[in-house]
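What follows is one structure encoded as structure tokens, with my remarks underneath.
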Protein chains: 2
Amino acid sequence: MESVFEIIAEPNRRAILSLLVSSQQSVGEIERQLRMPQPTVSKHLRVLREAGFVESTVDAQRRLYRLRPAPFQEVDAWLAQFRRFWSVHVDALERHLDRMDQSPPTKRKTKEKTTRPKPRT
Amino acid sequence: MESVFEIIAEPNRRAILSLLVSSQQSVGEIERQLRMPQPTVSKHLRVLREAGFVESTVDAQRRLYRLRPAPFQEVDAWLAQFRRFWSVHVDALERHLDRMDQSPPTKRKTKEKTTRPKPRT
DNA sequence: AGAGCATATACGTGTCAAGGTATATTTAGG
DNA sequence: CCTAAATATACCTTGACACGTATATGCTCT
């Protein structure tokens with residue numbers, strides 16, 4: 001479990017993180033809202049804490065967990081290198097659609113076959 | 001392998017994606033630059049293609065792979081919910097540091113113990 | 001048609017992480 | 001002190017996936 005990307009690859013962990021955006025929560029509150037068994041919640045919280053995504057404060061028998069910003073910034077930093085690229089592509093798509101508005105579709109000789117990704121369900 | 005997050009959890013795949021930022025590349029070029037065995041490259045490219053991260057065009061025996069924007073936007077969209085939160089925290093940190101500049105550190109009664117994340121190597 | 005290059009796929013193997021169940025630990029309150 | 005509540009941890013099992021090796025497919029050129 002070395003990278004922040006592996007941490008957020010787990011759906012339950014992402015759910016926990018999303019839950020903590022609104023405010024800090026105790027383990028029991030997370031357990032109830034997400035309908036997961038308590039050990040599961042505790043184990044994921046441990047992973048999240050060791051990765052720096054959350055921190056906890058003690059309140060009697062409860063532990064209140066809240067978000068920490070650093071790892072998110074790390075993900076954002078990685079994403080940054082692609083951001084320039086994808087906004088360019090959105091622009092290109094818009095220009096393409098503009099052109100389609102004006103002229104009817106032309107038969108293109110398709111010497112190149114483009115392999116499309118699988119449609120995602 | 002259902003989510004985009006699982007796709008980018010794999011370090012070799014992230015390396016391939018970063019490589020494709022500069023320009024499209026053939027399998028062989030990726031293989032040489034990243035020093036990984038050819039089947040490994042092909043298998044990762046397959047995963048990336050089915051997830052919509054890349055598309056390929058045929059050029060004789062070569063296949064040229066290039067990035068597609070959609071999945072990155074999906075990651076960005078997920079990250080968005082935390083972005084507001086973390087910029088707030090950066091601001092708070094800055095204000096905190098400003099205050100430390102002016103006044104010497106005051107002994108605070110630490111009724112709450114905050115569990116810090118493990119230092120990352 | 002045959003050889004050789006580029007890429008994809010099949011198959012067997014090992015590792016690691018997530019889940020479930022049970023139990024330990026800590027704390028409040030009577 | 002003893003009990004109950006809240007949370008953490010231990011142990012086991014299972015499944016997924018990444019890797020290596022071998023082989024198949026496809027294309028070009030002579």
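The values are calculated or read from the model by the stated rules, or taken from the named source; none is laboratory data. This is a predicted model, so every value here is computed, not measured. Here the Cβ is made from the backbone with ideal geometry for all residues, glycine too, and neighbour counts use every protein chain on show. All accessible areas refer to the heavy atoms of the entire protein, side chains included, with ligands and DNA or RNA removed. Shrake-Rupley method; radii C 1.70, N 1.55, O 1.52, S 1.80 Å.
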### Query
So which residues in the stretch B:50-81 are charged (D, E, K, R) and under 20 Å from A:LEU79 (Cβ atoms)?
B:GLU55, B:ARG66, B:ARG68, B:GLU74, B:ASP76
### Task
Could you tell me whether A:VAL75 is within 8 Å of chain B (Cβ to nearest Cβ) and over 18 Å from A:ALA15 (Cα atoms)?
no
### Message
Looking at the stretch A:78-90 only, could you name the residues that are more than 7 Å from every other protein chain (Cβ to nearest Cβ) and either open to solvent by 70 Å² or more (accessible area, probe 1.4 Å) or not aliphatic (A, V, I, L, M) (or both)?
### Response
A:TRP78, A:ARG83, A:ARG84, A:SER87, A:VAL88
#### Entry: the stretch A:45-95, residues that are more than 21 Å from B:TRP86 (Cα to Cα), touching a helix residue (DSSP H, G or I) at 6+ places or on another chain (Cβ under 8 Å) and within 16 Å of DNA strand C (Cβ to nearest atom)
A:ARG62, A:ARG63
### Task
Could you run through the stretch A:4-46 and say how many residues are within 14 Å of chain B (Cβ to nearest Cβ), within 8 Å of DNA strand D (Cβ to nearest atom) and open to solvent by 50 Å² or more (accessible area, probe 1.4 Å)?
1
### Query
Pairs, please: C-beta under 7 Å, at least 6 apart or cross-chain, first residue open to solvent by less than 20 Å² (accessible area, probe 1.4 Å) and part of a loop (DSSP other than H, G, I, E, B) and in the stretch B:53-77, second among the charged types (D, E, K, R) and within 16 Å of DNA strand C (Cβ to nearest atom)?
B:PHE53/B:ARG68
